[in-house]
There are 2 protein chains.
Amino acid sequence: MSTWRDNVRKVIPYTPGEQPKEKNVIKLNTNENPYPPSPKVKEVMDSFDTSVLRKYPDPAVKDLVHALAARYGVADDQVFVGVGSDDVISMCFLTFFAGGKNVLFPDVTYSFYDVWASVYGVPYKTVALDADFRINPADYAVENGGIIFPNPNAPTGVEESLDTIRAILDANKDSVVIVDEAYVDFGAASALPLVKEYENLLVVQTFSKSRQMAGMRIGYSIGSPELIKYLNDVKYSVNSYTMNSLQIATGVAAVEDEAYFEECCAKIMATRERSEKELSKLGFTFPKSSANFIFATHETVPAADIFAALKEAGIYVRYFNKPRIDNYLRITVGTDEEMDGLFEFLAKYLEDK
Amino acid sequence: MSTWRDNVRKVIPYTPGEQPKEKNVIKLNTNENPYPPSPKVKEVMDSFDTSVLRKYPDPAVKDLVHALAARYGVADDQVFVGVGSDDVISMCFLTFFAGGKNVLFPDVTYSFYDVWASVYGVPYKTVALDADFRINPADYAVENGGIIFPNPNAPTGVEESLDTIRAILDANKDSVVIVDEAYVDFGAASALPLVKEYENLLVVQTFSKSRQMAGMRIGYSIGSPELIKYLNDVKYSVNSYTMNSLQIATGVAAVEDEAYFEECCAKIMATRERSEKELSKLGFTFPKSSANFIFATHETVPAADIFAALKEAGIYVRYFNKPRIDNYLRITVGTDEEMDGLFEFLAKYLEDK
């Protein structure tokens, strides 16, 4: 038996939510936005000169970096762009968590964090959320090699206040602290105003949810110029050109269409409020969501059963068979019509139970 | 002074060739193809329904994997796709070179290899090419943790025969051997026919050169199903969705337009033959190129001087200030018109010397 396999890195990868091929399903399992991207994105696509594709894209992604810097009121050298926020966070694990000390993140959180830790050999320790899925900042006042958590948290949708984040930052001047704000645009407070106070704070956001562009793969992070420089050095050590010419051009168009962005976020928040009421009536409970999904458990029927019945009916939600959360469903907020389809099925299904 | 910097991975990144912003330059510095992508790529772009961008792309990139498998006569599970061949090779360093033993590659080669080794902590040893920039396969018959080399080699353009590659493979059943064929479509013999004989051989190719799509970032590798599975496991541990919906759709269109691909490659090879003659007349020598560039040195004038003069005149070629090759220029083969512009300038410049 050849021994080349001895040199192979063997990992247990992250499992993304299903992308069903059938039409006519109600897809509420991957926190996608139910609305199309800004019409400005279509304009860019329609007028795009494909002959430029023969050339490499701008490795510094300057146009998109500049559009984001202008939108968020920071300098261009405070912005880093990647292939979705997953690419950005992956680079962060490689760049900022290389000290050999335990990196801290919540026990109930985005299930990619431990996968990145594993692939890059980063030691980590999870910190238990309280019974209401909340962070106690005092738990993070221990020696560590870095901290990362989503806000609002995934898959719970729970928002932590800026006071909590500030308390974590104040206790951790010697660590890079990353706030993963994939879902922040649906009503939560961003930590971006704290970036000018804390040189070790990095905020990560994405176009996948609030800018309707999951299929285009654009994420970014904002922090001090020093953090961004370190991140770029590692990026240029992995792949000089991560962003293609179309991602750059359509990304700029999406960022600049603020009105459309706000309109779609408002619609999703309105549907979320209505959905929370409907789910309550159906016997579900959930922490108050600040994201584009609701993390719900039913008073009598096991989540795994509901998940299977929904799937059978062509309604996809997400179920995590993991400690503490194996009786919950993560339900993406879709259009009002999609949610009505869900509620209608659930009403009938739960009545028969 | 805060100590968060102690946890940062500090690296010396790869420096990509310049992407000048000015128009009217002759750009022969990054081995781009002078012709636009297939007209089929434009058709896909023009008819693309941007509303699908709200959804995540297919993480398995099935359509493009299948198109490549059909084109190269392999099974779908023998194909891996990434964000340019740089992304593919980066994943390879992370996946296959994790054994802690020295990875081998030539001393004169693609200057990203040692950067990937460094960012992922892979030990390596370079193996000297002979005076004609050729590989001696016996040099690779030593204990190692993996082997990688480009064929044709970069930046020399020198092609190694399949006999040489077979000799390396026969001496290295216990290592993953990666042949980086970014430039293979300009007349060299691919190692792909050897994949069915050697389960430890991985061949990497790209859309950036021979398919005119550097700006779209598409690369791929072909090998045994086991190698591809390991690579996918690591990919799903880094970023589930590396390829966006447009890369997938336009990539398929480009692969399927075989006639256009062959036509453009033939044009470049014809221009290369002519350019070699012109450069000889101007006093340059070079190894016979099997790539879309010529690696040339002048009999009397230092390469650094010529490089600076060309740049001043708006003609960009690549110069590497590195041992053994600091008197060479790497000149991409452009259109006949672009090459004429180069020869015209050189004739005048060298006359004045």
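The values are calculated or read from the model by the stated rules, or taken from the named source; none is laboratory data. On a predicted model such as this, the values are computed, not experimentally measured, just so you know. Reconstructed Cβ throughout: ideal geometry from the backbone, glycine too, with neighbour counts over all protein chains shown.
Please verify whether B:TYR113 is aromatic (Phe, Trp, Tyr) and either at the interface with chain A (Cβ under 9 Å from one of its Cβ atoms) or under 30 Å from B:ALA131 (Cβ atoms) (or both), treating the condition exactly as stated. It is true that B:TYR113 is aromatic (Phe, Trp, Tyr) and either at the interface with chain A (Cβ under 9 Å from one of its Cβ atoms) or under 30 Å from B:ALA131 (Cβ atoms) (or both). Quick check, is B:VAL177 among the β-branched types (Val, Ile, Thr) and either in the same structural domain as B:THR271 (by TED's automatic domain parsing) or crowded, with 24+ Cβ neighbours inside 10 Å (or both)? Against the criterion (among the β-branched types (Val, Ile, Thr) and either in the same structural domain as B:THR271 (by TED's automatic domain parsing) or crowded, with 24+ Cβ neighbours inside 10 Å (or both)), B:VAL177 qualifies. Here segment A:42-93 is the region considered, the condition is being under 22 Å from B:VAL41 (Cα atoms) and polar (S, T, N, Q), and the residue that is farthest from the other protein chains (Cβ to nearest Cβ) is A:SER47. Run down B:LEU194, B:LEU162, B:LEU169 and say which single residue is within 13 Å of chain A (Cβ to nearest Cβ) and under 27 Å from B:LYS101 (Cβ atoms). Only one candidate qualifies: B:LEU169. Taken over segment B:126-163, the criterion of being aromatic (Phe, Trp, Tyr), at negative phi and under 19 Å from the mean Cα position of the chain (by Cα) is satisfied by B:PHE149 alone. A search for C-beta distances below 7 Å between a residue of segment B:26-44 that is on the phi < 0 side of the Ramachandran plot and any residue that is at pLDDT 95 or above and acidic (Asp, Glu), counting only pairs 6+ apart in sequence or on different chains, returns B:ILE26/B:GLU338; B:LEU28/B:GLU338; B:PRO34/B:GLU338; B:SER38/B:ASP257; B:LYS40/B:GLU256; B:LYS40/B:ASP257. Determine if segment A:154-166 includes at least one residue that is of a type in the set (Gly, Ala, Ser) and in contact with a helix residue (DSSP H, G or I) (Cβ under 7 Å, 6 or more places away or on another chain). No.
If the condition is being more than 11 Å from the chain's Cα centre (by Cα), under 29 Å from B:GLU263 (Cβ atoms) and of a type in the set (S, T, N, Q), then segment B:192-231 contributes B:GLN212, B:SER221.
Residue pairs whose Cβ atoms lie under 6 Å apart, separated by 6 or more positions or on different chains, with the first residue in segment A:283-307 and assigned to a loop (DSSP other than H, G, I, E, B) and the second aliphatic (A, V, I, L, M), are A:PHE286/A:ILE294; A:PHE286/A:ALA296; A:PRO287/A:VAL158; A:SER290/A:ALA188; A:ASN292/A:ILE268; A:ASN292/A:VAL333.
Per this entry, A:ASP170 is not counted among residues that are among the charged types (D, E, K, R) and touching a Phe, Trp or Tyr at 6+ places or on another chain (Cβ under 6 Å).
Of the set (1) closer than 20 Å to B:MET339 by Cβ; (2) within 7 Å of chain A (Cβ to nearest Cβ), all apply to B:SER2 but (1). Per the listing B:ALA270, B:ALA291, the residue uniquely surrounded by fewer than 19 Cβ atoms within 10 Å (Cβ to Cβ) and not assigned by TED's automatic domain parsing to the domain that holds B:GLY215 is B:ALA270.
Look at B:SER210 and say whether it is crowded, with 19+ Cβ neighbours inside 10 Å and more than 14 Å from chain A (Cβ to nearest Cβ). Before the answer, list the steps.
Working: crowded, with 19+ Cβ neighbours inside 10 Å: yes; more than 14 Å from chain A (Cβ to nearest Cβ): no.
Criteria not met by B:SER210.
If you filter segment A:5-41 down to residues that are at the interface with another protein chain (Cβ under 7 Å from one of its Cβ atoms) and either among the small types (Gly, Ala, Ser) or more than 30 Å from A:TYR319 (Cα to Cα) (or both), you find that the one that is surrounded by the fewest Cβ atoms within 10 Å (Cβ to Cβ) is A:ASP6.
Among what's in segment A:219-233 and is surrounded by 21 or more Cβ atoms within 10 Å (Cβ to Cβ) and within 10 Å of chain B (Cβ to nearest Cβ), pick the residue that is nearest to A:THR206 (Cα to Cα).
The first filter runs over segment A:219-233 and keeps only residues surrounded by 21 or more Cβ atoms within 10 Å (Cβ to Cβ), leaving A:219-223, A:227-228, A:230-231.
Within this subset, residues satisfying the condition of being within 10 Å of chain B (Cβ to nearest Cβ) are A:219, A:227, A:230-231.
Details: A:GLY219: 4, A:LEU227: 18, A:TYR230: 20, A:LEU231: 17 Å.
That would be A:GLY219.
With respect to the conditions (1) more than 28 Å from B:ALA60 (Cβ to Cβ); (2) not in a loop (DSSP other than H, G, I, E, B), A:VAL44 lacks only one, and its number is (1). Of all residues in segment A:170-186, those satisfying the criterion of being under 13 Å from A:SER208 (Cα atoms) and aliphatic (A, V, I, L, M) are A:ALA182, A:VAL184.
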